[in-house]
Amino acid sequence: MDYILIIFTLGYLVQHAGAYFLIKYIYDKRNIQGLALETQVMYFIGAVMRILYISDTRLINFFLIWIELVISIVLSCFIFYLFHKYRHTRFHQISNPYFSYQTIIPICLILSFFFHPGTKNENYFTVQMFVSMSMFIEACGLLPQIYVSKKIGSIEADISKYLVAMGFSRLLRLAFWVMNYMAGEKFVYLILADVIHTVIIADVMFIWVKDKKQGAILI
């Protein structure tokens, strides 16, 4: 049994647990106040990228990853449905272009062209570009949510649970990279992407801790 693949997949399953908390928050509150649609769009694109590159990796024969991908797409579609249903409650827009997915996605696309596993063919293309695209988009995915959370100045209870789950998923991903590094697979740029993702989540946790010290009820 390949424990590296288990750790990789488990990281995403923990992330999906966070999506459950997010869905519960929206369903109970019946609004999307304090949430960034852009973050959900980028995580959905990351899942699509995984579907595109999985056939070119050893994950293709790992049945659990297919279950994870189905869960990912279903949860994302349901979140989009809830965002559409309660779109009239969305008061915070992304006004800073540096935090908009319209800026972040093209940058990630360009980076994935130059930094990726594998070798380009005669058309300067490789499926492995989708691996980098997925990692880079996920690494930047929380930036719009951070923008909204800092604009509001606090993180509500179930949103904080969502972010905590995201944090644990990143720790599992870092464990995955450590195991890969020890096995001789040293993709520094992909490791760096997940380190950046972890730092971004730590920034959100700083807001969380600050609110807790000020007496806010978080969890």
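The values are calculated or read from the model by the stated rules, or taken from the named source; none is laboratory data. If you're wondering where the values come from, they're calculated on a predicted model, not measured in any experiment. Neighbour counts are summed over all protein chains in view; Cβ atoms, including those assigned to glycine, are modelled from backbone coordinates with ideal geometry. Accessible surface is based on the protein model in full, side chains and every heavy atom, while ligands, DNA and RNA are left aside. Shrake-Rupley method; radii C 1.70, N 1.55, O 1.52, S 1.80 Å.
Couple of notes before you dig in:
- Approximate spin-label separation V74-Y20, in nm, with each point projected 7 Å along Cα-to-Cβ: 1.2
- For the chain: rounded, prolate or oblate by the Cα gyration tensor [a/c cutoff 1.5]: prolate
- Simple label model, 7 Å out from Cα along Cβ direction - Y81 to F113, nm: 3.8
- For the range 1-115: rounded, prolate or oblate by the Cα gyration tensor [a/c cutoff 1.5]: oblate
- For I54, the solvent-accessible surface computed with a 1.4 Å probe is close to 0 Å², ligands and nucleic acids excluded.
- 222 nm mean residue ellipticity, helices alone, for the chain (DSSP H n ≥ 4; -39,500 (n - 2.57); rounded to 500): -24500 deg cm²/dmol
- Calculated accessible area for the chain comes out at 51 Å² per residue, all protein chains present (probe 1.4 Å; ligands, DNA, RNA ignored).
- Measuring r between the beta carbons of L52 and Y3 and using R0 = 30 Å, the FRET efficiency lands at 0.75.
- Per-atom-type breakdown for the range 1-76 gives carbon and sulfur 71% of the accessible area (1.4 Å probe, protein chains only).
- Rounded to 0.05, the FRET efficiency of the K151 and I60 pair, given R0 = 35 Å and the Cβ-Cβ distance, is 0.25.
- 3J(HN,Hα) couplings calculated from phi for the range 43-57 with the Karplus curve 6.51 cos²θ - 1.76 cosθ + 1.60 (θ = phi - 60°) are, in sequence order, 5, 5, 4, x, 5, 5, 4, 5, 4, 6, 9, 4, 5, 9, 9 Hz; Gly and Pro show x.
- Against the criterion of solvent-accessible heavy-atom surface with a 1.4 angstrom probe, Y20, Y43 sort, most first, into Y20, Y43.
- Gaussian network model of the chain, Cα within-10 Å springs - most flexible of S112, S169, S55: S55
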